[in-house]
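The values are calculated or read from the model by the stated rules, or taken from the named source; none is laboratory data. Just so we're clear, the structure is a prediction, and the values are computed from it rather than from any experiment. Cβ placement follows ideal geometry from the backbone for every residue including glycine, while neighbour counts extend to all protein chains displayed. The protein model used for the area step is the full one, side chains on, heavy atoms only, and it has no ligands, DNA or RNA in it. Shrake-Rupley method; radii C 1.70, N 1.55, O 1.52, S 1.80 Å.
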Amino acid sequence: MSRVVAFVAPALSLSEANSFTSRLRNDRSGFVRLATMLGDLTGIHLPESEKNLSLMAGRLGPILRERDLESYDAYAGILAHRIPDDLQTFISAMTTNTTEFFRESAHFDHLARLVGGELGGGPELRVWCAACSTGQEVWTILITLHEAFVGARMPTIKLLATDIDHEILARAALGRYTEHEMGSVPPLFRQRYFLQGTGARKVWQVSPLLTQSVTFAPFNLTAGAYPFKHPFDIVFCRNVLIYFDRPTVADVLRKLGGALRPGGHLFLGHSESGTLRDERMSSVAAAVYKRKE
Ligand SMILES: C[S@@+](CC[C@H](N)C(=O)[O-])C[C@H]1O[C@@H](n2cnc3c(N)ncnc32)[C@H](O)[C@@H]1O
């Protein structure tokens, strides 16, 4: 019987791995080169600081080791060929995808009031969740909408969920969450909107009741003009502007405002409120803005 022996590159010892990471941490010119590339690709502004040098070394070190690359410059040389898979791996490693169900929960109370009132009367509700990460925000929006329309006629909900990171977007579309990730989802909502997996890991699967309303698509907020044919009633774009520099924030906010219909609402992260200066928009609640009629 033949035996297949896989060739496995010798793993670095812990001390070799540590010294590699610490060499990367001290490579300031390589850092600046890659941070500039990241800014051009995503709008993410990564100024040179000890914290960011460590962050980049921690995130890119494993990729460089896996590809047997000695330095940031060697990696930058590969990225310069602009091969989509390589660029995505780089983007995926350098984006921060922290999120959770019912994050900044006051926003969902506000959303429920809006759709119970001024935004709820039409036959269709168009929502965009920009920078949706692994999807918890998407499902929280949909749970909120379903709950708001219990006992009432529900409009057709069309939710577009986007992110620049393809890998994270695929996880969002899968709609599967561990018990730990489900921490902030109350039992009633688990029962109504999720199917519970069996087995030791007890993964929770988002129900088709919610998934049927969503389209997932990759989208870079710093891309040129936004391509949407029909304006949105509601846009969530939370906890991503914090990574951009001021001119990029201003440009993205101008385009987000343009993607809303008059009377539509924009939700930003709480730490991002105060960044919006647009005479078309008025502030209606903490980090919530309405496009004037
Ligand atoms: C911290 S998460 C925020 C997730 C969610 N909105 C929330 O508030 O919980 C930031 C997300 O922004 C995405 N992102 C970063 N730059 C982006 C860009 N230029 N265009 C679109 N998404 C971007 C990242 O991939 C990441 O998933």
Of residues in segment 148-169 being within 12 Å of the ligand (Cβ to nearest atom) and either part of a helix (DSSP H, G or I) or not charged (D, E, K, R) (or both), the one surrounded by the most Cβ atoms within 10 Å (Cβ to Cβ): A161
Across segment 208-246, the tally of residues that are more than 16 Å from the ligand (Cβ to nearest atom), open to solvent by less than 40 Å² (accessible area, probe 1.4 Å) and closer than 20 Å to S133 by Cβ stands at 2
Among residues of segment 55-93, those that are within 14 Å of S29 (Cα to Cα) and either part of a helix (DSSP H, G or I) or aromatic (F, W, Y) (or both), counted: 8
Can you run down the residue pairs with Cβ atoms below 6 Å, 6 or more apart or on separate chains, where the first is in segment 193-221 and under 17 Å from I157 (Cα atoms) and the partner is open to solvent by 40 Å² or more (accessible area, probe 1.4 Å)? S207/L195; F216/A173
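Rundown of residues vs (1) within 13 Å of the ligand (Cβ to nearest atom); (2) open to solvent by less than 60 Å² (accessible area, probe 1.4 Å), yes/no style:
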| position | (1), (2) |
| --- | --- |
| E137 | yes, yes |
| T144 | no, yes |
| R171 | yes, no |
| T178 | no, yes |
| M182 | no, yes |
Out of everything in segment 271-293 that is of a type in the set (S, T, Y) and in a loop (DSSP other than H, G, I, E, B), what residue ends up being surrounded by the most Cβ atoms within 10 Å (Cβ to Cβ)? T275
Looking at R103, R65 in this structure, which one is open to solvent by 20 Å² or more (accessible area, probe 1.4 Å) and within 16 Å of the ligand (Cβ to nearest atom)? R103
Can you name every residue in segment 247-272 that is within 13 Å of the ligand (Cβ to nearest atom) and among the small types (G, A, S)? G269, S271
